[in-house]
């Protein structure tokens with residue numbers, strides 16, 4: 001739908017027609033209005049669409065200055081009457097309690113350290129009223145929590161932190177969280193997504209963080225650039241949206257200019273398979289210049305980015321990409337698509353890389369390959385991102401919310417890396433809190 005303006009306009013017109021036809025069904029109307037907003041306008045949409053959305057939110061949850069408690073959120077009530085919500089509760093009812101409470105799909109070979117989509121970062125203290133902190137990952141986890149837990153029973157006891165996994169926060173998944181008594185922090189790297197959450201003027205507080213910020217610096221051991229095997233690396237799914245063809249064209253341009261660049265592609269099957277991307281490489285005459293890592297362990301990815309001179313992200317839209325942060329921690333500069341929708345483009349600086357349009361990619365790659373000494377990606381990353389820095393930023397946002405309610409805040413949150421605890425002590429201590437959460441679980 002995003003490839004041409006004609007397709008976008010057609011989609012938006014259809015979504016607006018669907019929204020009009022859904023009048024009377026608050027959730028359906030909101031869903032179609034948000035779809036039109038997301039795919040038609042990254043910034044505030046036309047007044048009529050905005051007014052219609054604000055009306056639906058006001059009817060469902062109260063609106064700015066008149067928010068109702070989350071237990072009285074009509075949009076959340078509707079969500080929990082949907083067949084998919086009932087099916088989800090039945091699905092999780094069959095899981096062991098430890099998995100069910102963590103929003104975790106069981107895996108027989110999973111290590112003990114594996115967490116689910118609901119991670120406790122701080123325990124609630126019932127004696128003093130000091131709130132705990134619950135961390136929810138991925139868009140499906142954000143959808144699952146209100147279907148599997150009664151948010152009204154969590155309100156006041158926990159601050160909820162949401163880590164979305166896709167671009168475009170004009171999404172009905174956030175609507176069940178609206179409520180005057182529930183504190184929610186929404187990680188929003190991209191300026192448009194931040195502005196959307198902020199514009200709700202609700203209990204949802206945006207913070208400029210995202211999934212990539214939670215990388216563990218200790219996992220990346222940079223090598224001197226002269227000793228690195230690969231010139232260019234791209235990490236991501238085998239999928240049309242990753243635009244491998246743009247990368248291949250740029251590498252072909254480098255070769256025609258007299259530079260033969262060695263390319264490493266790291267990925268896994270999604271919309272495409274590895275064979276499809278291999279076919280593209282052959283079409284560009286690059287199959288002999290490309291090495292492949294398919295579905296490899298994370299430790300192999302960390303070694304791969306540390307063995308490459310420049311990383312590339314040329315997708316047009318995606319969620320809070322982790323690959324560029326991993327590159328920076330490996331002291332590997334990146335080139336990122338100039339008009340990317342999803343990542344925080346303000347974080348691409350002369351210290352860690354360049355922004356480039358399609359036709360600029362070859363030149364940007366050559367500039368970094370020719371002058372690696374001009375960049376300090378690891379030093380920049382240690383100062384501005386990574387799990388320790390992200391913990392401080394998130395805790396500051398939570399501290400502000402809690403103190404505004406007049407509640408105590410004497411203990412911080414535990415640090416995590418990609419929603420995994422940093423040590424067994426934290427995992428065991430936080431694990432005891434799930435028993436307390438059981439009382440807020442919805443019945444099947």
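Since every read-out is calculated from the coordinates, none of them should be taken as a lab result. No experiment lies behind these values; they were computed from the predicted model shown. For neighbour counting, all protein chains shown are included, and Cβ atoms are generated from backbone atoms with ideal geometry for every residue, glycine included.
Here the peptides 80-87, 209-216 are ranked by packing, the mean other Cβ count within 10 Å, and the order with the highest first is 209-216, 80-87.
Can you sort 163, 428, 59, 130 so the residue with the fewest Cβ neighbours within 10 Å comes first? If you can, show how the numbers build up before the last one.
Details: 163 27, 428 11, 59 14, 130 17.
In increasing order of surrounding Cβ atoms, one gets 428, 59, 130, 163.
Put in line by how crowded their Cβ is, counting other Cβ atoms within 10 Å and starting with the fewest, 292, 328, 167, 380 read 292, 380, 167, 328. Rounded to the nearest 5, what is the percent of antiparallel bridges among the DSSP beta bridges in the chain? Roughly 20 percent of the beta bridges in the chain run antiparallel, per DSSP. Comparing Cα centroids, the stretch 165-244 and the stretch 386-444 end up 19 angstrom apart.
Using the Cα gyration tensor of the stretch 1-61, with a ≥ b ≥ c the square roots of its eigenvalues, what is the shape: rounded (a/c below 1.5), prolate (a/b larger than b/c) or oblate (neither)? Prolate, because a/c is 1.5 or more and a/b exceeds b/c.
Between 95, 418, 230, the GNM of the chain built on Cα springs shorter than 10 angstrom shows 95 fluctuating the most. Based on the Stokes-Einstein relation at 4 °C and a viscosity of 1.567 mPa s, and on the Kirkwood radius from alpha carbon pairs, the stretch 87-234 is assigned a translational diffusion coefficient of 74 µm²/s. Once the chain from residue 18 to residue 82 is taken as fully extended at 0.36 nm per residue, the excess over their C-alpha distance is 21.2 nm. Under 1.5 on a/c is rounded, so check that first for the stretch 325-397, then, if it is not, pick prolate when a/b is larger than b/c and oblate when it is not; a ≥ b ≥ c are the square roots of the alpha carbon gyration tensor eigenvalues. Taking the square roots of the gyration eigenvalues as a ≥ b ≥ c, the stretch 325-397 is oblate.
Taking the beta-carbon count within 10 Å as an exposure proxy, list 358, 117 from fewest neighbours to most.
In increasing order of surrounding Cβ atoms, one gets 358, 117.
Where only DSSP H runs of four or more residues are counted, the chain gives -12000 deg cm²/dmol as its mean residue ellipticity at 222 nm, each run worth -39500 (n - 2.57). Shape class of the stretch 217-384 from the Cα gyration tensor (axes a ≥ b ≥ c, square roots of the eigenvalues): rounded, since a/c falls below 1.5. Taking the chain as a Gaussian network of alpha-carbon nodes connected by springs under 10 Å, the highest mean-square fluctuation of the residues 283, 338, 153 belongs to 283. The relative contact order of the chain comes to 16 percent, based on Cα pairs under 8 Å that sit 6 or more residues apart.
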